[in-house]
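The values are calculated or read from the model by the stated rules, or taken from the named source; none is laboratory data. Note that the structure is a prediction, hence the values are computed from the model and not measured. Counting neighbours? That spans all protein chains shown, and the Cβs are built from the backbone with ideal geometry, glycine included. Each accessible area value is taken on the protein alone, full model and side chains, heavy atoms only, with ligands, DNA and RNA left out. Shrake-Rupley method; radii C 1.70, N 1.55, O 1.52, S 1.80 Å.
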There are 2 protein chains.
Amino acid sequence: MGRMTALETLETPALILDRARLVANCERMRAHLAPFGVPLRPHVKTAKSSEVARLMHGGGTGPVTVSTLKEAEFFLAQGFDDLLYAVGLAPNKFARVAALARAGARLQVIVDSAAMAWAFREFCGSQGLRVPVLIEIDSDDHRAGIRPDSAELLRTAAALDGLLGGVLTHAGNSYGSTSVDHLRRWARIERQGVTAAAECLRSAGHEVPVVSLGSTPTALFAQSFEGVSEVRAGVYVFFDLVMAGLGVCALGELALSVLASVIGHQAHKGWLVIDAGWMALSRDRGTQIQRVDQGYGLVCDARGEPLGDLIVVDANQEHGIVASRSGERLDVRRYPVGSLLRVLPNHACATAAQHAAYHVVGAGGEIEARWERLHGW
Amino acid sequence: MGRMTALETLETPALILDRARLVANCERMRAHLAPFGVPLRPHVKTAKSSEVARLMHGGGTGPVTVSTLKEAEFFLAQGFDDLLYAVGLAPNKFARVAALARAGARLQVIVDSAAMAWAFREFCGSQGLRVPVLIEIDSDDHRAGIRPDSAELLRTAAALDGLLGGVLTHAGNSYGSTSVDHLRRWARIERQGVTAAAECLRSAGHEVPVVSLGSTPTALFAQSFEGVSEVRAGVYVFFDLVMAGLGVCALGELALSVLASVIGHQAHKGWLVIDAGWMALSRDRGTQIQRVDQGYGLVCDARGEPLGDLIVVDANQEHGIVASRSGERLDVRRYPVGSLLRVLPNHACATAAQHAAYHVVGAGGEIEARWERLHGW
């Protein structure tokens, strides 16, 4: 475990990672997927940490999904050579993709247009490279991708020619679910969309080895993975208030929080001022559209236990305002200046991105490790 | 100027800084304040760059305001030794403050309670240090600070004893202004609050050398600085859509933008998908409460000229959705995949914070320099 130090020795704000919850979250996903026999390709964009990615694979390396080529380079150097870059390519990234392939990465990339497919195939031809390309499928009318029934699908496959590696989708609309039934329905829609696209391509004579789908909500609530070759999910590793609001996890599963100090009071308003503002918490307001709006985060004591309905109601760059969600005036004398609090984030990906490292906390509440995380592109 | 490269050689997303606009913005603030003879202590939390801080002082070093002790350390190392840390202290930062003072920083800190004043004075006594402390004044009922007419003001001054350096305020409510009259009124309120506090302390026998106020809107619209010893402001260096929405600047003064590539189309919706999501733009939605909601940013061509009412209507981690603000369906064929766009940010502080460096663009639209910026605490 190394040298252990108390939480109270940290300077605030600081990003805290609860190791026991992290390990349990990793295990929950693996246990859910095991009966289906479908492989997991975790998305490492949430944690951007090799220690966390290894836990996602139960201790070793394995296939991962990345959101930037910098992640791909970092994880390759850490022994993760099976990499899927799951954001549509742009021509100014072709050279970096080629360098990754030459450095030994088994890298796959994605496109959702015949035009980009053609441009990348031309590039690979000129470089004497073969980098498999997945076609992104729009299964839920959410964001990017080609509709499975669109003529563009076959045009894109034709443009890729020998580079076609398969199909991929992400049902981002699952984040708007309001019940378990909704979650299951999005999981079904996601699977139906991507498998329909695979069948369409196969009917046209293409090989489609990869059929990739996933998001944390659909991965955890899917009742079938028939026709699916791999599942992607990322935020489950930490969970967050948005996931709790969807019913995907309990508050007690949230592994990430921001440690903050009370730096002032506005007693007449029932406000605590803390030294975690949007720089430490992010500007993400993902629970704003949910039944319970958690402001910029749910406030806990230094051990991580929620303090009733205290939330961060407003945030400036380095200041957060803590008050009761109900509007009841908090007796600020309960939290003298200098008190430590922890804030559970709306969106783990966004909050973690504001920090350079995780302070990993063990069962005894002491800091066991500092894990660096990646930043930038 | 060094070696110049074309914008088209950058990988996207990338943070672009227009040097001519930056220089003009720095000059505008200095020209506005010059007739009043009041010194400027620019806030470097927006840019977190020594190159930018020097331009804020017309080329050299000078007094600066910082939002973190890491900024204080960085700027001290860059020759800026007159530093004001303008976020309320917490005890876990006392040791780092002491180290800065011992390293030669002329550092001032702030508190807004007798309790924290007492704790810091005890600490300084035990260390044999004298670090001047400003009392933060709540001039506009916005966030932190002691009301100028509060008994806590005199208690805090008494607790500081020989450490009292003066008073400081920030009228953050000026960001909610809807007219030039409002801006002038907040500037008046800010000045009246902080000078009233100074007078109250002087009447009680205290020396109050520092009377510090400011924000970009109040600094630029104030009609008097009587009784004020220094002005603080930060975001004016870049300006942003929030400032433009307030009428504090014109769109043509925005110095910062994010370069992005079109990576896909959803033609039936009139959407462009770009590779700048909230990781590159930030989650800041500061214009949401203004007359014109700019989404996650106003979209421009690669030269920085706005493209009608195209905005980033939604953002995921590495994806942005570009569409018309009016809802009119964009003909996406005008922007083929691979096209470069630039996005003007809602909030320059938040967007810049997502990036490790500025790509500085000269009058010819070519990259002249790369300026690193600070990250973290």
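Evaluated against (1) away from chain B (no Cβ under 13 Å); (2) open to solvent by 10 Å² or more (accessible area, probe 1.4 Å); (3) among the aromatic types (Phe, Trp, Tyr), residue A:75 falls short on exactly one condition, (2). Considering segment B:1-28, and only residues there that are buried (at least 18 other Cβ atoms within 10 Å of the Cβ) and β-branched (Val, Ile, Thr), the residue that is farthest from the other protein chains (Cβ to nearest Cβ) turns out to be B:16. Screening segment B:77-188 for helices (runs of 4 or more DSSP H) wholly inside it with 3 or more residues that are touching a Leu at 6+ places or on another chain (Cβ under 7 Å) and free of Cβ contacts under 8 Å to residues at least 60 places away in the same chain returns the ranges B:94-102, B:114-127. Selection of segment B:60-70 for residues being among the aliphatic types (A, V, I, L, M) and either within 14 Å of chain A (Cβ to nearest Cβ) or in a helix (DSSP H, G or I) (or both) yields B:66, B:69. Of the set (1) surrounded by fewer than 20 Cβ atoms within 10 Å (Cβ to Cβ); (2) touching a Ser or Thr at 6+ places or on another chain (Cβ under 6 Å), all apply to residue B:326 but (2).
Taking the conditions (1) out of contact with any Pro (no Cβ under 7 Å at 6 or more places or on another chain); (2) within 11 Å of another protein chain (Cβ to nearest Cβ); (3) farther than 26 Å from residue B:43 by Cβ; (4) of a type in the set (A, V, I, L, M, F, W, C) in turn, residue B:120 satisfies each one other than (3). Considering only residues that are more than 28 Å from residue A:356 (Cβ to Cβ) and not acidic (Asp, Glu), look in segment B:317-328 and name the one that is nearest to the other protein chains (Cβ to nearest Cβ). The extreme case among them is B:321. The lone criterion from (1) crowded, with 21+ Cβ neighbours inside 10 Å; (2) more than 14 Å from every other protein chain (Cβ to nearest Cβ); (3) of a type outside the set (S, T, N, Q); (4) in a helix (DSSP H, G or I) left unmet by residue B:199 is number (1). Scanning segment A:362-377 for residues that are within 14 Å of chain B (Cβ to nearest Cβ) and either without any contact (Cβ under 8 Å) to a residue 40 or more places away in the chain or on the phi > 0 side of the Ramachandran plot (or both) gives A:370, A:376. Exactly one residue out of A:169, A:156 is open to solvent by less than 20 Å² (accessible area, probe 1.4 Å), within 13 Å of chain B (Cβ to nearest Cβ), of a type in the set (S, T, N, Q) and on the phi < 0 side of the Ramachandran plot: that is A:156.
Can you confirm whether residue A:235 is closer than 27 Å to residue A:41 by Cβ and touching a Cys at 6+ places or on another chain (Cβ under 8 Å)? Judged against the criteria, residue A:235 is a match.
Residue count for segment A:29-54, restricted to those that are open to solvent by 30 Å² or more (accessible area, probe 1.4 Å), in contact with an Asp or Glu (Cβ under 8 Å, 6 or more places away or on another chain) and more than 14 Å from chain B (Cβ to nearest Cβ): 1. Within segment B:247-286, the set of residues being open to solvent by less than 10 Å² (accessible area, probe 1.4 Å) and outside any strand (DSSP E or B) comprises B:248, B:254, B:255, B:270, B:275, B:276, B:277, B:278, B:280, B:281, B:282, B:284. Can you name every residue in segment A:86-113 that is within 14 Å of chain B (Cβ to nearest Cβ) and open to solvent by 20 Å² or more (accessible area, probe 1.4 Å)? Matches in segment A:86-113: A:91, A:92, A:95, A:96, A:99.
Scanning segment B:329-361 for residues that are more than 9 Å from chain A (Cβ to nearest Cβ), open to solvent by 10 Å² or more (accessible area, probe 1.4 Å) and in a loop (DSSP other than H, G, I, E, B) yields B:329, B:330, B:331, B:335, B:339. Could you please let me know if residue A:273 is under 30 Å from residue B:113 (Cα atoms), in contact with a Pro (Cβ under 6 Å, 6 or more places away or on another chain) and not basic (Lys, Arg)? When the stated conditions are applied, residue A:273 does not pass them.
Do we have any residue at all in segment B:128-148 that's away from chain A (no Cβ under 14 Å), in contact with a helix residue (DSSP H, G or I) (Cβ under 9 Å, 6 or more places away or on another chain) and farther than 24 Å from residue B:72 by Cβ? Yes; the residues of segment B:128-148 include at least one that is away from chain A (no Cβ under 14 Å), in contact with a helix residue (DSSP H, G or I) (Cβ under 9 Å, 6 or more places away or on another chain) and farther than 24 Å from residue B:72 by Cβ. Here the condition is being out of contact with any helix residue (DSSP H, G or I) (no Cβ under 7 Å at 6 or more places or on another chain) and in a helix (DSSP H, G or I); of B:73, B:8, it holds for B:8 alone. If you go through segment A:297-316 and pick out every residue that is part of a loop (DSSP other than H, G, I, E, B), within 14 Å of chain B (Cβ to nearest Cβ) and open to solvent by 10 Å² or more (accessible area, probe 1.4 Å), you end up with 2. Being of a type outside the set (A, V, I, L, M) and buried (at least 22 other Cβ atoms within 10 Å of the Cβ) is the requirement here; does residue B:63 meet it? Here the answer is no, as residue B:63 does not meet what is asked. Within segment B:173-194, does at least one residue satisfy the condition of being open to solvent by less than 20 Å² (accessible area, probe 1.4 Å), among the acidic types (Asp, Glu) and within 28 Å of residue A:272 (Cβ to Cβ)? Taking every residue of segment B:173-194 in turn, at least one turns out to be open to solvent by less than 20 Å² (accessible area, probe 1.4 Å), among the acidic types (Asp, Glu) and within 28 Å of residue A:272 (Cβ to Cβ). Residues in segment B:287-296 that are surrounded by fewer than 23 Cβ atoms within 10 Å (Cβ to Cβ) and either assigned to a loop (DSSP other than H, G, I, E, B) or at the interface with chain A (Cβ under 10 Å from one of its Cβ atoms) (or both): B:288, B:290, B:291, B:292, B:293. Only one of the numbered conditions (1) over 16 Å from residue B:237 (Cβ atoms); (2) of a type outside the set (Gly, Ala, Ser); (3) open to solvent by 10 Å² or more (accessible area, probe 1.4 Å); (4) more than 13 Å from chain A (Cβ to nearest Cβ) is not met by residue B:57, and that is (1).
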